[in-house]
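Here's the structure we're looking at; comments come further down.
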Amino acid sequence: MAETTPPAQVGGSEGSPRRRRPLRNALIGLVACLVLLALVGAGVSWYLQDRLVDNVDRVDDAFTGLENRPAPSSGGALNILLMATDRRSDLPTTGEEAQAPTWLPGRQNSDALMVLHVDADREGASIVSIPRDSWVTIPGRGASKVNAAFSMAGPSLAVETVESITDLRIDHLAVVDWSGFRALTDELGGVTVTVPQTVHDPLRDKTWEAGEHRLDGDDALRYVRQRYGLPAGDLDRVKRQQNVLRALMHQTLASGATRNPVKAYGILDTLTDHLTVDAEWTTGDMRDLVLSMRGLRASDVVFTTAPVRGLGREGDESVVYLDRDKGRELWGAVREDRAQEWLEANPGAELPSSVS
């Protein structure tokens, strides 16, 4: 049996209470995973209290024991590993309302895995998904699917595995479970997506008719979790996840929610209630990041997936084989804040406007 480490401990808010003070011209930042990213443009005028950020729960030891790590990004660029977990729990596993551990040995894999790179000048950002079935070498454990690292030894092994794939130093970790994604979607009043052609999900016996769909939290979950019945299977599933994040960002801007203090507060309160981050990511650092990104627009964020060489099988498992050569080019471009240039040089790599 593979050796496992003790479960990561989830703590409360950091340190002593901070003096609360308003933040002006902030952006609604970080809504990911499925869940972290509703990046809001400059000129937004509303007040953000520190206690909203203090809602965020912390996971200890996300970087403990990691050795021979990649060098930090230059110029203040940041790499944030975004994860949604697939543990089937009747209780919340992330955020302030967590009633079950974020991680239990062998009980859940990472169900969505994305690297958010924020450029040093804060004028651009990129989100790169790593398909959960990617067949990779997990440090100290051998070959397996990338999503198994979280199950084997928790957040630190997931971070180490992603760093070995990307040669990017992960600065911070953000984990959300699916209940958080559902709650955030409902708080935003749902999300609109367009299905280009009718597809059927045999696992959930759900048919998605071609056309525009307004999704509540439950339907949004069904949309982003479908893999069977899609032309490219799990690769289309990744695109659906990115498509919802992109739609949430654009929708939040267009709705005027960020100009409504009550609505903005509700969105942030819901987001932070369901978010768990590494213990090293302080409230002050999160606030400073939000402020530094206040000029970033939704159109400044690009989406792509780690280059894939093909699909195959390892034993009785279906897997995704990553293209290592193209991957080195992409991750190198991300490291140097050149993701947009790489996408322009590789037509078809960027998330398309129409997603299956």
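The values are calculated or read from the model by the stated rules, or taken from the named source; none is laboratory data. Computed from a predicted structure; not experimentally measured. Methodologically, a virtual Cβ is constructed for each residue, glycine included, from the backbone with ideal geometry; neighbour enumeration extends over all protein chains shown.
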Task: In the range 222-233, the residues that are surrounded by fewer than 18 Cβ atoms within 10 Å (Cβ to Cβ) and part of a helix (DSSP H, G or I) - done: R222
- [ ] Might you let me know whether the range 285-303 holds any residue that is crowded, with 19+ Cβ neighbours inside 10 Å, among the aromatic types (F, W, Y) and at pLDDT 90 or above?
- [x] yes
Open item on the list: So G95 ticks every box in (1) touching a Lys or Arg at 6+ places or on another chain (Cβ under 8 Å); (2) surrounded by 20 or more Cβ atoms within 10 Å (Cβ to Cβ); (3) modelled with pLDDT under 55 but one. Which box is left unticked?
Closed with: (1)
Open item on the list: Filter the range 227-241 down to the residues that are at pLDDT 90 or above and in contact with a Pro (Cβ under 8 Å, 6 or more places away or on another chain) and list them by number.
Closed with: Y228, G229, L235, V238, K239
- [ ] Could you please find all residues in the range 180-221 being farther than 21 Å from L245 by Cα, part of a strand (DSSP E or B) and polar (S, T, N, Q)?
- [x] T207
Task: Residue list for the range 190-245, restricted to those being touching a helix residue (DSSP H, G or I) at 6+ places or on another chain (Cβ under 9 Å), within 21 Å of P352 (Cα to Cα) and basic (K, R) - done: R225, R227, R237, R240
TODO: Return yes when S318 is under 20 Å from the mean Cα position of the chain (by Cα), surrounded by fewer than 16 Cβ atoms within 10 Å (Cβ to Cβ) and within 21 Å of S129 (Cα to Cα) and no when it is not.
DONE: no
Task: Condition check for R240: surrounded by 19 or more Cβ atoms within 10 Å (Cβ to Cβ) and among the basic types (K, R) - done: yes
Task: Selected residue (criterion: surrounded by the fewest Cβ atoms within 10 Å (Cβ to Cβ)) from residues of the range 108-166 that are farther than 15 Å from L81 by Cα and among the β-branched types (V, I, T) - done: T137
- [ ] Residue by residue through the range 161-179, note down the ones that are outside any strand (DSSP E or B) and in contact with a strand residue (DSSP E or B) (Cβ under 8 Å, 6 or more places away or on another chain).
- [x] T161, V162, S164, I165, T166, L168, R169, I170, D171, D177, W178
- [ ] Examine the range 335-353 for a residue that is crowded, with 18+ Cβ neighbours inside 10 Å, over 23 Å from V244 (Cα atoms) and touching a His at 6+ places or on another chain (Cβ under 9 Å), and state whether such a residue exists.
- [x] yes
Task: Pair list, Cβ under 8 Å, 6 or more apart: the range 281-296 residue touching a residue at least 24 places away in the same chain (Cβ under 8 Å) and farther than 15 Å from E123 by Cβ, other residue part of a helix (DSSP H, G or I) and of a type outside the set (V, I, T) - done: T283/D50; T283/D54; R287/D50
Open item on the list: Condition first: hydrophobic (A, V, I, L, M, F, W, C) and under 22 Å from the mean Cα position of the chain (by Cα). Now tell me which residues in the range 301-315 satisfy that.
Closed with: V301, V302, F303, A306, V308
